[in-house]
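As structure tokens, the structure follows; a few thoughts come after it.
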Amino acid sequence: MSDPTPKEQIFIDLEPGSEWRFELEADENIALRVLSHEPVFINSEELPQASWYPIHRYTKGAIYAPTQARLEVTSLPASQYVSTSTTHPQILNVHLALERTRILAKRYLLGNTPNGENIQRGPRVMVVGPPSSGKTTVVKNLVNLALSSGMGWTVGVGGLDPSSPSNLIPGTLSLSTPSHPIPTHHLTHPFGSPPTSTPSNTLSADIPTVGWWLGGLEPSNKNAEVWKVLIERMRQDWQKRCERDKMALASGLIIDTSSAFTNPLLATKKDDPKARYTLVSQAVEAFEVDTILVIGHEKLHIDLSRLPSLQSRGVNVVRIPKSGGVVDLDDQARELVHSFQIRSYFYGEPPLPTEISSLMGKMVGLDGALNPYSFQIGWETLVVLRVGEENSAPSSALPLGSSRTLSPTRLTRVDPSGPAHVVRLLNTVLAIVDIKPADRTKPEKKPKIEEGEAEAEGGEEDEEDMEEVPFVEEIGTREVLGFIVITAVDAQKKKYTVLSPSPGKLPSTVALAGSIEWVDSA
């Protein structure tokens, strides 16, 4: 039997300082390898020599060659080109400035060696910019450059963009600590994949991550107070990490932000109507940010440079150019990314296509799929809560002339038997939170009654218990344990059907709901 005709080899030659940009469509999966001896980078991660590097469909990226290089690709995407216009030199200059600060901080913290500039900790950098400006890409490049320096840094990555969270699913804020350069294989995890119980089927990075549930894709005036509390929770967690690990304190923190940070009036309080860029000021104060990188937005750069709250803290506001390879994403493309992110949380990384997994090289073709578990749980067993004042009844429903004072982080229990609640809960993503015995609140009036009296008065008390929240408000902004999805609601049996990423008992039966929904259409 004769051998099949060998497939034609496709080569891409790159001039020094140029980059190959590509945009993969729904039916395009490629793999590439470096044939030249000089290093070639994707988001400042050096590509392995002569080994195939898989890139999944819908991914958009660029391969940068500081010197002359040659690549081999399995197939050419429909949208691809070579450009000599790149922002890598500017990003490298920023990295060198941050690296200097890290080295001086390390000498002070570990060797108790003072420096003339009084630098006692690593850099705290926040990247801001309008939508589709490349904020996440800049953060990823700066993190990879630090982790590739050979200095043993453990740079913290702050995810303040709920629509593109580090490692987790949409609707969360996160802190992660990658230990090696973050790969770019697919769009589901911009900062690497979370640790799972199965091996990865690519060179992906298993990165320890902690998350907090906002329940929405961006901060808004409605959830501004909840956002503020979550930022404080993140600050406390990062501060504890730095107190335990001096190397983490010297390595610093790089923060990715939502495009909502560019809105000067968002989250402005009534008692201070002249305040501007409240979200920026909150984050700067919480994480003690010393440098803000503004991507390509001249007016935003000028506004932040003149902001009194930043001037008083001596924050450096630096403008860097926007890459010409940035792709503007529409709402449909963003929804696709969000769906992919949620699905990968339950089912693992997308499988490698046969034509790529069969390639020779160090790349492995393992079955890295997870085995999610679907089961039923009673309405009374799974307590579903919502966080925030906007989930309560409107003030117009109160008696004439009366007012109320509610906590902005108050908890509201979702009654699935109520009107329209079944529809609101179906396909809703829930965040599981840890509950301790001290978190339970004792009802104010719970007199002991006999069994006969309990039967007579049980109906009224059951109705009250279904709306009562027997937990302290603090659990609504606590670090989450994981996520589940309600895939069906049985009103007759009063049970939910939920999808969990792994079989077994849930770590907690208290969950937080938001506005994030997901239907598995794969």
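The values are calculated or read from the model by the stated rules, or taken from the named source; none is laboratory data. Remember, it's a predicted structure, so these values are computed and weren't measured experimentally. In this analysis, Cβ positions are derived from the backbone assuming ideal geometry, glycine residues included, and neighbour counts consider all displayed protein chains. Just the protein is used for accessible areas: all its heavy atoms, side chains included, with ligands, DNA and RNA removed. Shrake-Rupley method; radii C 1.70, N 1.55, O 1.52, S 1.80 Å.
What residue, among those in region 356-370 that are surrounded by fewer than 15 Cβ atoms within 10 Å (Cβ to Cβ) and over 23 Å from PHE191 (Cα atoms), is modelled with the highest pLDDT? Checking each candidate, the answer is SER358.
Between VAL289, VAL318, which is open to solvent by less than 40 Å² (accessible area, probe 1.4 Å) and among the β-branched types (Val, Ile, Thr)? Result: VAL289 is the single residue among VAL289, VAL318 that is open to solvent by less than 40 Å² (accessible area, probe 1.4 Å) and among the β-branched types (Val, Ile, Thr). Please pick out the residue among VAL480, VAL472, VAL414, VAL423 that is in contact with a His (Cβ under 9 Å, 6 or more places away or on another chain) and at pLDDT 65 or above. The match here is VAL414.
Filtering region 322-355 to residues that are closer than 20 Å to ILE292 by Cα and open to solvent by 60 Å² or more (accessible area, probe 1.4 Å) leaves only LYS322. Cβ-Cβ distances below 7 Å connect the following pairs, each with a first residue in region 98-117 that is free of Cβ contacts under 8 Å to residues at least 12 places away in the same chain, a second residue that is open to solvent by 30 Å² or more (accessible area, probe 1.4 Å) and outside any helix (DSSP H, G or I), and a separation of six or more residues or different chains: ARG107/THR113; ARG107/ASN115.
Could we say that GLU467 is at pLDDT below 95 and either over 18 Å from LEU217 (Cα atoms) or open to solvent by less than 40 Å² (accessible area, probe 1.4 Å) (or both) here? Show your work before the answer.
Numbers: at pLDDT below 95: yes; either over 18 Å from LEU217 (Cα atoms) or open to solvent by less than 40 Å² (accessible area, probe 1.4 Å) (or both): yes.
Taking the combined requirement at face value, the residue satisfies it.
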